[in-house]
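The values are calculated or read from the model by the stated rules, or taken from the named source; none is laboratory data. These figures come from a predicted structure and were not determined experimentally. Note: ideal-geometry Cβ built from the backbone for every residue, glycine included; neighbour counts use all protein chains shown. Note: accessible area is taken over every heavy atom of the protein model, side chains too, but ligands, DNA and RNA are not part of it. Shrake-Rupley method; radii C 1.70, N 1.55, O 1.52, S 1.80 Å.
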Amino acid sequence: MRKQILIVGAGFAGMWAALSAARLVDKNDSQSIDITVIAPQPELRVRPRFYENAVETLVAPLQPLFDVTGVNFLRGTVTQILPASKEVNWTDTNGESHLHHYDRLILASGSHVNRSLVPGAQTYTFDLDQLESAAVLERHLNELPRQVESDARNTVVVCGGGFTGIEMALELPGRLREILGANAKTRVVVVERGPTPGSRYSEALRNTIIEASAELGVEWLVNSEIEKVDASGVTLRDGRTIPSQTVIWTAGVQANALTAQIDAPRDRQGRLHVNSKLQVPGHEHIFATGDVAYAATDDKGNHALMTCQHAILLGKFAGNNAAADLLGIEALPYRQEMYVTCLDLGAWGAVYTEGWDQQVKLTRAEAKKVKQSITRELIYPPVAEKEAAFKMADPYAPFV
């Protein structure tokens, strides 16, 4: 009877898990293992670029790639994981439910922002979480000139000063000038709980963010928390209000809710603890990867972040190890010693750092070139050619 590797999700981690598993199966000439991906669509949505214009173009087709590498694709959404019977319940595009058996499950279902943290946020804020919601925001911004001019129309509030919030906020001054005209008096405000802009980052990175924000005119309200959001704008805990027709929510990222269906330890963001093979303890048939995995990157106490940088390699190791488990081959322990950040800072440029201590190596135009190389080339899927795809799917292949 043929063995089944089932992958939930076709994001960075899910796509690479599928290719890596297919690579190892092909390398060992196994004809007894099927690899199947279940996801809402056979495309990679380039989420790290959702703060940019033309967001609906930021996708890459996966079906040709899956076809040449022997990966099966089922279009739908997994709604239930049944570890006892090694099955998942999934719903197809017609709304019909199905059961799919697995011998090894790779959970790569991603993450989402939590807009239920503050009253009114679910109704009155926008987000960059999914392609559809980012497209709604883009259409809203482009329609602002049709609104009556006011401070509220010309003000954008970004809730949360993490990487997504920073990239969106520093992109906005230039975007708003294009939309509302160079003479429009616009305002971009970042509401941040921390004591300084970029307070969770290194001093060098923090100072670069502050410099770029000041040059572009982006305001930071630090030591601030949001009390509520309504049709008129944002109310802070201290009673201050910010009139705005455009409030963007970037805080409170959580792992996909499917992780809660597995009886295993999770971190504060809902990510499943995994061992070095990326197996979920107590569930040796289940591997977690990408944004649903709390995985140690080294022996120094560092753990993978919810970034495509980590999701790509996590996916390769998870796919390889799930296949290795069925083939009786030794697994590869996940390690990702190198960590970099490359943060887009709008018209100012970008900043590139190396190491977990975030040493700034490049800024402005030089860093912008690196950022664009990463997000417009390196993180995209390989060409739909079997040998090239399998070469890149090797967990030990250089990321170039």
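Gyration tensor over the Cα atoms of segment 59-149: the corresponding equivalent ellipsoid has semi-axes (square roots of 5 times the eigenvalues, largest first) of 36, 19, 12 Å. Beyond 34 Å, what share of the Cα-Cα pairs of the chain is found? Please give it as a whole percent. Above the 34 Å cut-off, the chain has 32 percent of its Cα pairs.
Think of a 1.4 Å ball rolled over the protein heavy atoms: the chain then has 44 Å² of accessible area per residue. Taking Cα centre as origin and charging only the Cβ of basic (Lys, Arg, +1) and acidic (Asp, Glu, -1) residues, the dipole magnitude of the chain rounds to 260 debye. Mean silhouette area of segment 322-368, derived from the convex hull of its C-alpha atoms and averaged over all directions, reads 4.9 nm².
The reciprocal of the average 1/r between distinct C-alpha atoms defines the Kirkwood hydrodynamic radius, which for segment 22-98 equals 14.8 Å.
Rg and Dmax of segment 313-400, both derived from C-alpha coordinates alone, stand at 16.4, 52 Å.
For segment 215-255, the share of alpha carbon pairs falling in successive 5 Å distance bins from zero is 6, 18, 26, 25, 16, 7, 2 percent. May I ask for the Rg/Rh ratio of segment 159-303, computed from Cα atoms with Rh as the Kirkwood radius, given to two decimals? Here Rg/Rh amounts to 1.08. For segment 272-286 versus segment 164-189, the spacing of their alpha-carbon centroids is 44 Å.
Please state, as a whole number in µm²/s, the translational diffusion coefficient that the Stokes-Einstein equation yields for segment 75-222 at 4 °C and 1.567 mPa s, with Rh defined as the Kirkwood radius across alpha carbon pairs. For these conditions, the coefficient is 70 µm²/s. Sorted largest first, the principal axis extents computed over the alpha-carbon atoms of segment 111-163 equal 35, 23, 22 Å. For segment 371-383, 3J(HN,Hα) computed residue by residue from phi via the Karplus equation (6.51, -1.76, 1.60; θ = phi - 60°) reads 4, 5, 5, 5, 7, 9, 9, 4, 8, 6, x, x, 5 Hz, glycine and proline entered as x.
Under 5 Å from the amide H of S30 lies no amide H of any residue 5 or more positions distant or on a separate chain, with H modelled from the backbone and absent for Pro and chain starts. Against the main long axis of the alpha-carbon atoms of the chain, helix 203-216 sits at an angle near 50°. For segment 28-67, the Kirkwood hydrodynamic radius comes to 12.5 Å, computed from all pairs of different C-alpha atoms. When you filter the GluC sites (Glu not before Pro) in segment 55-104 for DSSP loop state and at most 11 other Cβ atoms inside 10 Å of their Cβ, you are left with E96. Our summary gives segment 271-333 a relative contact order of 30 percent, counting only alpha carbon pairs under 8 angstrom and 6 or more residues apart. Which one, P243, V280, I262, projects farthest toward the positive side of the charge dipole computed for segment 237-308 from Cβ point charges (K/R +1, D/E -1)? Value: P243. Per residue, the convex hull spanned by the alpha carbons of segment 164-216 comes to 79 Å³.
Residues whose amide H falls under 5 Å from that of E227, counting only those 5 or more places apart or on a different chain, are T235, L236, R237, with hydrogens built in the peptide plane. Once the Kirkwood radius over Cα pairs is known for segment 267-373, the Stokes-Einstein relation at 20 °C and 1.002 mPa s delivers a diffusion coefficient of 142 µm²/s.
Per residue, the convex hull spanned by the Cα atoms of segment 3-159 amounts to 147 cubic angstrom. The alpha-carbon of K316 sits under 16 angstrom from the alpha-carbons of these lysines, leaving out residues fewer than 8 places away in its chain: K27, K277, K386, K391. For the chain, the fraction of 1.4 Å probe accessible surface lying on carbon and sulfur atoms is 48 percent.
Residues whose amide H falls under 5 Å from that of V37, counting only those 5 or more places apart or on a different chain, are I7, N72, F73, L74, with hydrogens built in the peptide plane. With Cα atoms defining each centre, segment 11-67 and segment 348-373 are spaced 28 Å apart in the structure. Ratio of Rg to Rh for segment 230-284: 1.29 [Cα atoms; Kirkwood radius as inverse mean 1/r over pairs]. Ordered from largest to smallest accessible area (heavy atoms of protein chains, 1.4 Å probe), the residues D92, D325 come out as D325, D92. Here segment 129-205 has an Rg and Dmax of 13.9, 42 Å, counting Cα atoms alone. Computed over the chain, relative contact order equals 20 percent, with contacts defined as Cα pairs under 8 Å that lie 6+ residues apart.
Karplus-derived 3J(HN,Hα) values for segment 160-176, using 6.51 cos²θ - 1.76 cosθ + 1.60 with θ = phi - 60°, are x, x, x, 4, 4, x, 5, 5, 5, 4, 7, 6, 5, x, x, 5, 5 Hz; glycine and proline are entered as x.
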